[in-house]
1. Would you confirm whether or not the range 490-513 contains a residue that is surrounded by 15 or more Cβ atoms within 10 Å (Cβ to Cβ), within 26 Å of Glu391 (Cβ to Cβ) and in contact (Cβ under 8 Å) with a residue 60 or more places away in the chain?
2. With farther than 22 Å from Tyr441 by Cβ and either of a type outside the set (Val, Ile, Thr) or assigned by the TED database to the domain that holds Gln453 (or both) as the only criterion, which of Arg514, Arg489 stands out?
3. Can you tell me how many residues within the range 450-479 are free of Cβ contacts under 8 Å to residues at least 40 places away in the same chain and either within 22 Å of Asn498 (Cα to Cα) or not assigned by the TED database to the domain that holds Glu494 (or both)?
4. Which one of the conditions (1) in a helix (DSSP H, G or I); (2) farther than 18 Å from Leu153 by Cα does Met204 fail to meet, given that it meets all the rest?
5. Residue by residue through the range 150-175, note down the ones that are touching a His at 6+ places or on another chain (Cβ under 9 Å) and among the charged types (D, E, K, R).
6. If a residue counts only when it is modelled with pLDDT of 90 or more and either at positive phi or among the aromatic types (Phe, Trp, Tyr) (or both), which helices (runs of 4 or more DSSP H) contained entirely in the range 449-521 have at least 2 such residues?
7. Restricted to the range 207-232, and to residues that are part of a helix (DSSP H, G or I) and among the polar types (S, T, N, Q), which residue is farthest from Asn179 (Cα to Cα)?
8. Please enumerate the residues belonging to the range 375-423 that are over 24 Å from Glu494 (Cβ atoms) and either among the acidic types (Asp, Glu) or in contact with a Pro (Cβ under 6 Å, 6 or more places away or on another chain) (or both).
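The values are calculated or read from the model by the stated rules, or taken from the named source; none is laboratory data. Computed from a predicted structure; not experimentally measured. Neighbour counts run over all protein chains shown; Cβ positions are idealised from the backbone, glycine included. Remember, those area values only see protein heavy atoms, side chains included, never the ligands or the DNA or RNA. Shrake-Rupley method; radii C 1.70, N 1.55, O 1.52, S 1.80 Å.
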Amino acid sequence: MDVGELLNYQPDRGAKRPKDEDSHEESRSKQKTAGRDGRRVLVRSEADTLAKSRLMDQDGEDPEGEPVDESTVKKMILTFEKRSYKNQELRIKFPDNPEKFMEAELDLNDIIQEMHVIATIPELYHLLVELNAVHSLIVVVDLLQELTDIDTLHESEEGAEVLIDALLEGQVVALMVQNMERLDETVKEEADGVYNTLAVIENMAEFSPGLCTEAAQQGLMQWLLKRIKAKMPFDANKLYCSEILAILLQNNDKSEFALSISPSSVLYLHYIYIFPRGSDATHRVQVCGKHCNDIFIIICLFREKKMSRVSALKVLDYGMIGPEGSDNCHKFVDILGLRTIFPLFMKTPKKMKKVGISDKEHEEHVCSIIASMLRNLKGQQRSRLLSKFTENDCEKVDRLMELHFKYLEAVQLADKRIEGEKHDMVRRGEIIDDAMDDEFYLRRLDAGLFVLQLVCYIMVEICNAGVPQLQQRVHQILNLRGGSVKIVRHIMREYAENIGDGKSEEFKESEQKRILELLENF
């Protein structure tokens with residue numbers, strides 16, 4: 001596979017549906033022929049031509065026609081059910097004679113286009129359920145995708161819950177999997193059908209995370225793994241499958257059923273959930289390092305800005321730690337990963353809390369990745385990393401110092417509270433033993449000490465890189481904001497004393513020596 005082509009790949013996800021009536025009428029004129037069931041897709045050019053002609057005729061009509069109310073929606077749904085049944089009946093009766101059911105196909109397509117307006121009034125979704133139209137809608141995936149658009153669902157959560165519950169009761173995921181299995185993705189229309197189906201699943205999972213467990217049990221997990229492993233060109237659908245897989249794993253604690261299948265892309269995303277945070281660090285890094293041969297998938301997940309970004313960030317962090325992560329660090333730079341990680345460093349995404357990760361956790365993983373690269377990169381790759389810090393008048397150094405003072409203040413507040421507790425304990429005659437000291441240290445780490453240590457490590461590394469501009473900028477900002485080189489050295493010495501947990505004694509000593517040598521020239 002051409003890595004350059006992959007990195008430049010930008011799948012067309014389509015535009016968000018406008019919600020005003022004029023924009024809606026314009027979007028209707030661009031809709032493709034839909035309404036295929038699990039056994040066929042309408043692709044005949046003659047039918048497409050007639051459908052386009054009808055849509056053009058509709059464009060000339062007054063968009064301010066009859067208002068859309070409950071009565072109108074009921075009429076649409078009943079007409080849809082009637083035309084859907086007629087179309088299915090004619091297809092069964094004349095399977096080898098398309099001319100016999102072409103008119104019915106076009107009539108069905110017309111009502112489907114009209115029904116897109118229902119997506120603008122989610123408070124009436126209950127009519128779809130009451131009139132038993134949900135099952136028929138499952139095969140009209142482009143309409144269902146619009147109905148389940150996450151922004152629309154949040155406009156009327158009551159109506160959305162009714163629709164989502166009805167879909168789940170109807171085993172919607174199992175039916176969608178069956179439909180996707182029948183589709184031939186070498187045909188563009190059918191590939192679009194797969195993509196739209198995955199979009200529906202993503203929308204539902206974001207609105208109702210509990211869907212993930214049911215989806216996995218209804219065959220979606222197996223289909224995703226099969227699709228990812230398939231020897232097909234990398235395309236939007238393969239990328240989307242990786243994203244959906246990440247979402248399932250992220251929201252599903254009972255994911256052990258995936259362990260019997262081990263494509264590397266699955267292990268990237270599943271890795272953080274297999275091994276708890278407190279599990280053996282060496283084992284985690286060895287497993288991740290062994291399976292990071294397709295690191296470009298992680299970069300693609302970063303760029304898509306989906307929920308899967310969180311899992312990918314964690315996996316990338318653990319895969320680059322220590323000497324075992326050296327190869328991954330070099331490969332990450334070679335496939336232009338720097339242009340992906342530094343935007344995340346410069347600005348923490350606003351929606352991190354919504355996907356289950358705090359700003360501190362995000363900044364910890366990003367700083368850890370950069371620190372690992374500074375520790376492991378050699379030669380040209382290291383030069384490319386350092387050049388990032390000199391870009392745009394050293395803006396990344398400015399951001400680094402911003403994080404330094406942010407977490408220094410947080411740790412100092414925690415230290416003040418802990419010192420107060422220690423004073424009270426001594427006054428009461430209580431003994432502060434090693435176990436209590438360890439507890440206090442863990443509290444300081446939770447308050448932000450570990451992120452502060454990573455930030456200080458990055459400061460020390462770039463100041464020892466032989467680029468005077470970087471060292472001057474670091475010291476300049478420290479002086480301007482009342483910082484201190486002594487404080488940085490103290491933080492790094494404390495970091496060195498506690499480094500190497502889970503590592504050999506030889507590694508611990510060599511790493512401590514290396515850090516202390518860096519401090520001498522800071």
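1. No - not one qualifying residue is present in the range 490-513.
2. Numbers: Arg489 fails: farther than 22 Å from Tyr441 by Cβ.
Result of the check over Arg514, Arg489: Arg514.
3. Residues meeting the conditions: 0.
4. Against the list (1) in a helix (DSSP H, G or I); (2) farther than 18 Å from Leu153 by Cα, Met204 comes up short only on (2).
5. If the condition is that a residue be touching a His at 6+ places or on another chain (Cβ under 9 Å) and among the charged types (D, E, K, R), then Glu158 is the only one that fits.
6. Qualifying helices (runs of 4 or more DSSP H): 450-463.
7. Just the residues of the range 207-232 that are part of a helix (DSSP H, G or I), to begin with: 207, 211-217, 220-229.
Next, only the ones that are among the polar types (S, T, N, Q) stay: 213, 217, 222.
On the way: Thr213: 20, Gln217: 17, Gln222: 14 Å.
Selected residue: Thr213.
8. If we filter the range 375-423 for residues that are over 24 Å from Glu494 (Cβ atoms), which is where we start, we get 377-396, 398.
Glu391, Asp393, Glu395, Asp398 - these are the residues of the range 375-423 that are over 24 Å from Glu494 (Cβ atoms) and either among the acidic types (Asp, Glu) or in contact with a Pro (Cβ under 6 Å, 6 or more places away or on another chain) (or both).
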